[in-house]
Each structure stands twice: as structure tokens, then as C-alpha cells.
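The values are calculated or read from the model by the stated rules, or taken from the named source; none is laboratory data. All values reported here derive from a predicted model rather than from experimental measurement. Note that we place each Cβ from the backbone using ideal geometry, even for glycine, and neighbour counts take in every protein chain shown. These area figures cover heavy atoms from the full protein model, side chains too; ligands, DNA and RNA do not enter into them. Shrake-Rupley method; radii C 1.70, N 1.55, O 1.52, S 1.80 Å.
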Amino acid sequence: MPLTDTQIRSAKPNTKALKLFDGGGLYLEVAPSGGKWWRLKYRIEGKEKRISLGVYPTVGLKEARERREQAKKLLSQGIDPSAHKQAAKAAVKAKSEHSYEAIAREWFAKYSAGWSEANRVKVLARQVNYIFPFIGEKPIVEVKAPELLEALRHIEKRGSLDTAHRALQDCSRIFRYAIATGRGERDTAADLRGALPPAKGSSFATITDTKAVGAILRAIDGYAGGIVVASALRLAPLVFVRPGE
């Protein structure tokens, strides 16, 4: 005999699990702890199996019956509802793990350790504030150039063109990291080369004060970083070239 909402609400836990059958293999299992789970008993390839259809009262009687019918429809097609459910969960998990945001955060965690604190903050803030809201949840292989450009246009409209260019560079690194780790197919950011107006650089005043020059030379001499950078810093004052050269 089919269950009623009154029967379900008034069902009390016992020392052993209590099963209240609704029909068609659907039943409500009342655990000794008081929890109530919808279960479906079915047979496939000659074997009896069970699948959970949700927890009462989050899943009511009407919805439990609808889920039973959906499971029966799968069975009529020769599909095991339990295997189908597991495959759906796996697909959702894979989609989440391969999203742009997930890969971007993985890239950031892997490479930001050697950056300055200020740079770490700026790079992550650009992604969190401007890029994730637009493409963060999408699988990285599905991100299209117009979608990324839309995010960058919002930065541009704020008058932060330099930030937009830097965000685009970061995105390119993230796409390339996804390709290297087997989760991406191409650098979508590369398609936007030339799509943003050029950022206007700012000029730095020439230092003419001899005391200031001396302070810079002492700072260079005291640099304790890598040998390549240290050598370049010590060579620069001898040749007076522009930074780009």
C-alpha cells in the first residue's frame, strides 16, 4: 500500500532499521538514529541492487517517486541507475577539477612561492576580482576568446588598462600550464594579442644627485640574489642603456 506524508512524518526510530515500502521497489528506511533515507530496490542482469534516492525531508515523497520513475526509465534502457549516478558524480568532479579557476589556483600555488609578497597579492587579486567571475567555473578547454575579452574589457572600463594587460599575461601563463599538465588544448589568451589598446608607460625621472647615485650603487653592491641578476645590476651603471636594451 502506498505511503502517505502522515505515515512518513510519524515514523519513529526503533532498535533496528525500519523499512516503509511505497511500491515499485521504493521504500523509506528509518535508522535507529532517527535519520530517514529513501532507497530503491531493483534488479539488473539477474542481481538485486539498491540505490539511495535522497534524505527525508529534503527529498519529499513526491520527489522520491519521481526519482524512482527516472531510475526505472534507465533500467528500461539497460542502464544501471547506480552506475549512472556514479558516472554523473565523476563527471561533475572532473569538470570542477578542470575548471579555469581550479587550474589557475593550482598554477598560482605552484609558482608563486618565489615571488615577492606584493606580486603574489596583485596576481591573485587580478584573477579573483576580474577573471574568475566571468570564466572561473568553466572547464578550461571551453573558455573562448570573447569570454576572456569581456572580462578584460571590464578592467579596461575601470581605467586600469595596465592591469588588463597584466591579467591577460597571467591568463596566458595559466592556459599554457593547463596544456603542459594535459588539461588544456590551446592558449586562448594568445588569440587576444592586439585586442586591448596599448598601455601608456610612465617615464622615470633621471637621478642627478650624486648622493642618490651613491645610494643606488651601494644597494646594487649589497644585492644578495641570484648571480645573473646581480651581474646585470652591476653592469647596468657602466653602460647606461635603457631598460629594454
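Does E45 satisfy the criteria of being at pLDDT below 90, open to solvent by 70 Å² or more (accessible area, probe 1.4 Å), more than 26 Å from the chain's Cα centre (by Cα) and of a type outside the set (G, A, S)? Don't jump to the end; show me each part of the working.
Numbers: at pLDDT below 90: yes; open to solvent by 70 Å² or more (accessible area, probe 1.4 Å): yes; more than 26 Å from the chain's Cα centre (by Cα): yes; of a type outside the set (G, A, S): yes.
So E45 passes the test.
Segment 61-149 holds helices (runs of 4 or more DSSP H) entirely within its bounds, and those carrying 3 or more residues that are open to solvent by 70 Å² or more (accessible area, probe 1.4 Å) map to 61-76, 81-97, 100-111, 117-126. Kindly check whether there is at least one residue in segment 191-201 that is within 17 Å of A102 (Cα to Cα), open to solvent by 60 Å² or more (accessible area, probe 1.4 Å) and without any contact (Cβ under 8 Å) to a residue 40 or more places away in the chain. Scanning segment 191-201, I find no residue that is within 17 Å of A102 (Cα to Cα), open to solvent by 60 Å² or more (accessible area, probe 1.4 Å) and without any contact (Cβ under 8 Å) to a residue 40 or more places away in the chain, so the answer is no.
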